[in-house]
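In what follows, a single structure is set out as structure tokens and then discussed.
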Amino acid sequence: IIPPISLSTTFKLAPSGKADSPYYYTEAGNPTRTALEENLAALENAGHCRIFPSGMAAIFSITMLVKSGEHILADEDIYADTISLIKKILQPTHGIEITFTEFTDIYAVKKSLKENTKLVFFESPTNPTLKVIDVEEVTKTVKNFNRDICVVVDNTFISPYFQRPLSFDVDMVIHSCTKYINGHADVLMGAVMTNCEKLDQHLYQMQKCTGSVPSAFDCYLVMRGTKTLHVRMRTHMENAIAVAKFLETCNQIEKVLYPLLESHPQHQIHMKQARGMSGMISFYIKDDEDGSATKMFLNNLQLIQNATSLGAAESLIVRCDMKYEEFSPPLRKGVANNLVRLSVGLEEKEDIIEDLKQALDSITDASGNLESKSGDNHSDFELINSTKGD
Ligand SMILES: *Cc1c(COP(=O)(O)O)cnc(C)c1O
């Protein structure tokens, strides 16, 4: 029932002296890795999956499809290290052209496609401003321009349980399995899923020739994580809906970004292409320019940990401008020092909300500027909750 952890780096050859199975040296193939790759391919309803030692290693392997002089088109709001990979390595040392543009604007996408465009890369929902991009519309637009351009979606923020971009003609989906797929904040891993045999062969060569493969033990842990993916995702969503609704009632909050809220600018697009949402919520705190209220709020949280990463059982929160200081506007549109990103964990939702409430109240108590309405709001929230009946 449980595939064994195959630690051997080498496998006995056939009497002919040749390999008669995919397993002869562990960079080329390992049974535990194959078991996980088949599992993850099934989760994205994909023909193939290749796994890598991290999400970044997976993204790097994809970008190695692009040759010097070719062009990558990417959304403005993508994972900070993906921007670093493009701007600090691919552009200066590999001579690859890059354009960042606003993918919620389909005309901006159209205008930015070029004769030498090879790869189009975006996330939905995006990190950290939780924009939703119309996967089908963007893919159609790109494919109409040139069928050979490779469209890649980073699906990390939502998980395959809620969204499967390959069904919209996307060429490759990537995941940082470090996040929701493993779900326990104890493994670093990346995955690429595709229906294209040729792309899969490229990824296989990247695994084999650059030694970019995870250990069998890590494969075992992630396989274990996938068994509870659906249960975890449902609870992350249920908790996040309660938290987002609560935050919307708080006087100390300027704006809440969560794709399942009707107030979200691309709510309808999200509902069209996804069947739920993870525990990722971003919100702006009403603050002065120095960001002191936001810092105080983070320091006063007790249950929710001030730590980066996401998709863990524990609720994690970070200030979003930390990672982006090096990128000047307009690239980091909407990333201000009062924007925080919360990965709602699997704790009891009442406990998460209570912690947020006491930390928000600490801001109000410290400054006379904000009138406190949060007492009333809390009772509103209890009303929402009590009608649920469980
Ligand atoms: C974390 C993350 C990555 C990078 O994955 P690692 O496993 O940390 O290398 C890429 N994309 C997104 C959206 C992420 O959240």
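The values are calculated or read from the model by the stated rules, or taken from the named source; none is laboratory data. All values reported here derive from a predicted model rather than from experimental measurement. Glycine gets a Cβ as well: all are built from the backbone with ideal geometry, and neighbour counts include every protein chain shown.
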Failed condition for Ile253, given (1) more than 19 Å from Asn45 (Cβ to Cβ); (2) in the same structural domain as Tyr79 (by TED's automatic domain parsing); (3) over 22 Å from the mean Cα position of the chain (by Cα); (4) not polar (S, T, N, Q), with all others met? (2)
Cβ-Cβ under 8 Å pairs, at least 6 apart or on other chains, segment 257-280 side within 13 Å of Leu130 (Cα to Cα) and in the same structural domain as Ala242 (by TED's automatic domain parsing), far side part of a loop (DSSP other than H, G, I, E, B) and of a type in the set (Asp, Glu): Gln266/Asp134; Ile269/Asp134
Has segment 108-130 got at least one residue that is under 22 Å from Gly279 (Cβ atoms) and surrounded by fewer than 21 Cβ atoms within 10 Å (Cβ to Cβ)? yes
Within segment 2-47, how many residues are surrounded by 16 or more Cβ atoms within 10 Å (Cβ to Cβ) and outside any loop (DSSP other than H, G, I, E, B)? 11
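Inside segment 168-190, can you point out the residues that are of a type in the set (Gly, Ala, Ser) and either assigned by TED's automatic domain parsing to the domain that holds Ser309 or more than 9 Å from the ligand (Cβ to nearest atom) (or both)? I'd like the intermediate steps shown before the answer.
Of all residues in segment 168-190, those of a type in the set (Gly, Ala, Ser) come to 176, 183, 185, 190.
Listed by number, the residues that qualify are Gly183, Ala185.
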Among the numbered criteria (1) in contact with a strand residue (DSSP E or B) (Cβ under 9 Å, 6 or more places away or on another chain); (2) touching a residue at least 40 places away in the same chain (Cβ under 8 Å); (3) within 16 Å of the ligand (Cβ to nearest atom); (4) assigned to a loop (DSSP other than H, G, I, E, B), which one does Thr308 miss? (2)
All but one of (1) touching a residue at least 24 places away in the same chain (Cβ under 8 Å); (2) more than 21 Å from Gly190 (Cα to Cα) hold for Pro92, so report the exception by its number. (1)
Collect the residues in segment 123-154 that are within 16 Å of the ligand (Cβ to nearest atom) and farther than 24 Å from Asp200 by Cα, keeping them in residue-number order. Pro125, Thr126, Asn127, Pro128, Thr129, Leu130, Lys131, Val132, Ile133
Failed item in (1) within 28 Å of Val153 (Cα to Cα); (2) part of a loop (DSSP other than H, G, I, E, B), with Thr235 passing the rest: (2)
Could you please find all residues in segment 341-390 being modelled with pLDDT of 95 or more and either among the aliphatic types (A, V, I, L, M) or loosely packed, with under 13 Cβ neighbours inside 10 Å (or both)? Leu342, Val344, Leu346, Glu348, Ile352, Ile353, Leu356, Ala359, Leu360
Where in segment 48-118 are there helices (runs of 4 or more DSSP H), lying fully within it, with 3 or more residues that are closer than 19 Å to Val138 by Cβ and within 15 Å of the ligand (Cβ to nearest atom)? 55-63
Report yes if Thr101 is closer than 29 Å to Arg275 by Cβ and either among the hydroxyl-bearing types (Ser, Thr, Tyr) or in the same structural domain as Pro265 (by TED's automatic domain parsing) (or both), otherwise no. yes
So, Leu247, is that one touching a residue at least 40 places away in the same chain (Cβ under 8 Å), outside any helix (DSSP H, G or I) and more than 24 Å from Ala80 (Cα to Cα) or not? no
Per the filter on segment 155-167, residues more than 9 Å from the ligand (Cβ to nearest atom) and either farther than 19 Å from Leu221 by Cα or not assigned by TED's automatic domain parsing to the domain that holds Lys131 (or both) are Ile158, Phe162, Gln163, Arg164, Pro165, Leu166, Ser167
Is one or more of the residues making up segment 200-215 more than 11 Å from the ligand (Cβ to nearest atom), under 30 Å from Gln305 (Cβ atoms) and more than 20 Å from the chain's Cα centre (by Cα)? yes
